[in-house]
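These notes are about the structure you will find just below.
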Amino acid sequence: MAIVSPGFTGRRRSPDAQLPPGQYLAEDFPVLTAGPTPRVTTDRWEFTVSTEVGQRYNWSWQQLMELPAEKITTDIHCVTKWSKLGTRWKGVSLDVLLEDVETAADYALVQSYGGYTTNLPLEDLLDGQAWVAYRYDDDDLTPEHGGPARLLVPHLYFWKSAKWVRGIQLLLEDEPGFWESAGYHDYGDPWREQRYQGD
Amino acid sequence: MSDDHVDGNALAGDLREIFAVDLTAATGRCAGCGYQGSVATLRVYRNAPGLVARCPHCEEVVLRLVRGRDRAWLDLRGTVSLEIPLPS
Amino acid sequence: MARTAVSGRLTWRVAELAETADLTASARRLVFDVPGWPGHLPGQHVDLRLTAEDGYSVQRSYSISSAPDGDRIELAVQRVADGEVSPYLCDVLAAGDQIELRGPVGGWFVWRPADQAPVTLVAGGSGIAPLMAMIRTRAAEGSRVPFRLVYSVRTPDDVYFADELRHRAREDAGLDVKLVYTRRTPEGSPEPPGRLGVATINTYAWPAEFTPNCFVCGPTGFVETVSDVLVALGHDPRRIRTERFG
Ligand SMILES: Cc1cc2nc3c(=O)[nH]c(=O)nc-3n(C[C@H](O)[C@H](O)[C@H](O)COP(=O)(O)OP(=O)(O)OC[C@H]3O[C@@H](n4cnc5c(N)ncnc54)[C@H](O)[C@@H]3O)c2cc1C
Ligand SMILES: [Zn+2]
């Protein structure tokens, strides 16, 4: 049995009924990173969707800016146990980006500058559930938080909301991403506490 | 702090929970660029859902360690091999 | 010296805080009794684990600053503003309290007294901790390996183990200590405050031709700068061992 340290609470408030199981409220916005922060300028930025038959669809930053954007207010849940309520974003819905894409794929592998990847079912990117976000709290998204643009899929644990997003590969078979191939859950629903494989 | 990595030395405790010998003194070879060096010289990023160790030469991921409640996952696909000193 | 156990998987042990005292206004020394402590090599660290009432737990690494001494180990902890663990260790944990730790760990950032090469130690702030263990072990073993310590701190009030270092610089034959102040120097000092640079390291560390073992420890940015300087001065990167505190 672990020794309890009296008076030790850690950097968090007590669990909250509004939150998924095992989560705590964070007041700040913790920065998590598995490597050096990629510095991608918008003139070099490009977003690519590729399909299972190798068809590619590209957007430059300019083209992304010309697409209709939405304002999103949402709760986010990180698998390292912090949650943040009512975060405010602006971005382009994946429904818009994938509108003209022809595919029979069921899965998506999201790719980032810096080499990060994460997988999820394609249907979780559709129907107003996912965005390519480029503004946070009325400011441009900083590199620390994934700028110039990150994926935002707030109904899944936040590691699915890939920072520095640069594309989505559509696949017929599910292919595990960076954390999913090292023990984390392929789907990652915070309300069912799907943290690790087998949860 | 976000970019603040530490040295491979910091992996020692978590690896010794799994292995009977100290793996940070082992010599590893990076699958990306062939860099050869002690595991202790890797760059370790800890502010993440797991520990991510990168090659100091090419920055590719060489080792990942995730600790679940009753399991650990060790991914070594970025490492060609480890040479582990043992007491003779 | 006690031999470090090299076999068997590591588990958490219960340690009891035996003594605690201020090192500086922002750092504390913590001495733990760890029943069954297997001994350690200077440079090694422990992982410390804190658990809250509801099971929430976190762990952090701390270097051992003491020479091997039975079941006792000393840590030197800097209080990091808004930190999750260090303020608890510095301000809340009291003598007699129990805590979990595991170690010693790390077989790379260690000095072995049998190695006769001269030693350069470069510390930034709390990075003195594992280097202090090396200095103390050297004395305890009666080693004659020549040591040079270059220790960078903000002001004269931020020197950990100030009295002991002053004393050892006088008494421990073959140990040189150079303090570098980045913000404010002692009264009457001819040198202005400044960051540790090539000139200082060139003057106070062993030259590359002596093929010294170099141990560099402190905040990540500091360690990065110092190892770049050492490499630029011709030191073999394989002889530069680093411990970044983050
Ligand atoms: C091998 C090794 C040996 C070490 N030895 C020593 C030693 O001898 N002495 C020593 O003093 N230290 C040592 N350290 C550093 C030590 O392990 C801790 O990192 C240090 O004490 C800070 O821990 P903390 O929990 O107090 O701070 P943390 O809570 O980890 O915070 C560190 C900083 O990041 C910020 N931060 C982190 N997370 C968040 C968040 N969610 N939101 C906002 N801000 C955040 C904090 O504000 C703070 O500035 C060592 C580290 C390693 C790897
Ligand atoms: Zn490499």
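The values are calculated or read from the model by the stated rules, or taken from the named source; none is laboratory data. Because the structure is a prediction, the values reported are computed rather than measured. With ideal geometry, Cβ positions are generated from the backbone for all residues, glycine too; neighbour counts draw on all protein chains shown. The area values use the complete protein model at the heavy-atom level, side chains included, leaving out ligands, DNA and RNA. Shrake-Rupley method; radii C 1.70, N 1.55, O 1.52, S 1.80 Å.
Out of all DSSP beta bridges with both ends in the range A:41-192, state the antiparallel percent to the nearest 5. That works out to approximately 90 percent antiparallel. If R₀ is 45 angstrom, what is the calculated FRET efficiency for the pair C:Glu187 and C:Arg72, using the beta carbon separation as r and rounding to 0.05? For R0 = 45 Å, the calculated efficiency reads 0.80. Rounded to the nearest Hz, the phi-derived 3J(HN,Hα) couplings of the range B:5-21 under the Karplus curve 6.51 cos²θ - 1.76 cosθ + 1.60 (θ = phi - 60°) are 8, 10, 8, x, 3, 5, 7, 3, x, 5, 6, 6, 6, 9, 10, 7, 10, where x marks glycine and proline.
A cut-off under 15 angstrom between Cβ atoms defines the neighbours of C:Asp33, and their net charge, with Lys, Arg +1 and Asp, Glu -1, is -4. With both labels modelled 7 Å from their Cα along Cα-to-Cβ, the C:His167 to A:Leu67 distance reads 6.9 nm. Secondary-structure-derived ellipticity at 222 nm for chain C, considering helices only, amounts to -5500 deg cm²/dmol, per-run term -39500 (n - 2.57) for DSSP H runs with n ≥ 4.
The phi torsions of the range C:182-198, fed into the Karplus equation with coefficients 6.51, -1.76 and 1.60 and a -60° offset, translate into couplings of 8, 10, 8, 8, x, 4, x, 6, x, 8, x, x, x, 5, 5, x, 4 Hz, rounded to whole numbers, with Gly and Pro shown as x. For the protein assembly as shown, the number of Lys pairs with C-alpha atoms closer than 21 Å, counting only pairs eight or more positions apart or on separate chains, is 10. Considering only alpha-carbon pairs that sit under 8 angstrom and 6 or more positions apart, the relative contact order computed for the range A:41-192 is 27 percent. Magnitude of the charge dipole for the range A:41-192, about its Cα centre and with charges confined to Cβ atoms of Lys, Arg (+1) and Asp, Glu (-1), is about 640 debye.
On the basis of the beta-carbon distance and an R0 of 22 Å, B:Ala20 and B:Asp70 show a calculated FRET efficiency of 0.65. Considering only C-alpha atoms, what is the centroid distance from the range A:55-89 to the range C:191-236, in Å? Centre-to-centre distance over Cα atoms comes out at 45 Å. Amide H to amide H, with H built 1.01 Å from N, C:Lys178 comes under 5 Å of C:Leu149, C:Val150, C:Tyr151, counting only residues 5 or more places away or on other chains. Each of C:Gly43, C:Ala15, C:Ser26 was scored by the projection of its Cα onto the charge dipole of the range C:13-105, and the greatest displacement toward the positive side belongs to C:Gly43; charges sit on the C-beta of Lys, Arg, Asp and Glu.
Excluding ligands, DNA and RNA and using a 1.4 Å probe, chains A and B jointly bury around 1800 Å² of accessible surface, summed across both partners.
Think of the protein assembly as shown as a dipole: +1 on every Lys or Arg Cβ, -1 on every Asp or Glu Cβ, centred on the Cα centre; then among C:Val180, B:Ala26, A:Gly114, C:Val180 lies furthest on the positive end. Using a cut-off of under 14 Å, list every residue of the range A:15-58 whose amide N is near the label point 7 Å from the Cα of C:Asp54 along the Cα-to-beta-carbon line. Within reach of a label on C:Asp54, which here means backbone N under 14 Å from a point 7 Å along Cα→Cβ, the range A:15-58 contributes A:15-27.
With the helix formula -39500 (n - 2.57) applied to DSSP H stretches of n ≥ 4, chain A reaches a computed 222 nm mean residue ellipticity of -1000 deg cm²/dmol.
Remark: relative contact order (chain C) = 18 percent; criterion is Cα-Cα distance under 8 angstrom and separation of 6 or more residues. Here chain A is scanned for GluC sites (Glu not before Pro) in DSSP loops (not H, G, I, E, B) that have at most 12 other Cβ atoms within 10 Å, and the longest stretch holding none of them is A:28-98. Near the amide H of A:Tyr24, within less than 5 Å, lie the amide hydrogens of A:Trp82, A:Ser83, all on another chain or at least 5 residues away, with H placed in the peptide plane.
3J(HN,Hα) along the range C:102-110, derived from phi through the Karplus expression 6.51 cos²θ - 1.76 cosθ + 1.60 where θ = phi - 60°, amounts to 9, x, x, 10, x, x, 10, 7, 9 Hz, with x in place of Gly and Pro. For the protein assembly as shown, the dipole from Cβ point charges (+1 on Lys and Arg, -1 on Asp and Glu) about the Cα centre works out to 1820 debye, to the nearest 20. On the beta carbon distance between A:Arg192 and C:Phe210, with R0 = 35 Å, the FRET formula returns roughly 0.05.
Each Lys or Arg adds one and each Asp or Glu takes one away; over the other residues whose Cβ falls under 14 Å from the Cβ of A:Lys71, this sums to -1. In a simple Cβ point-charge model (Lys, Arg +1; Asp, Glu -1; nothing else charged), the range C:76-168 has a dipole of about 600 debye relative to its Cα centre. Bridge orientation summary for chain C: considering DSSP beta bridges with both residues in this region, about 55 percent are antiparallel. Our summary gives the range C:13-105 a relative contact order of 38 percent, counting only alpha carbon pairs under 8 angstrom and 6 or more residues apart.
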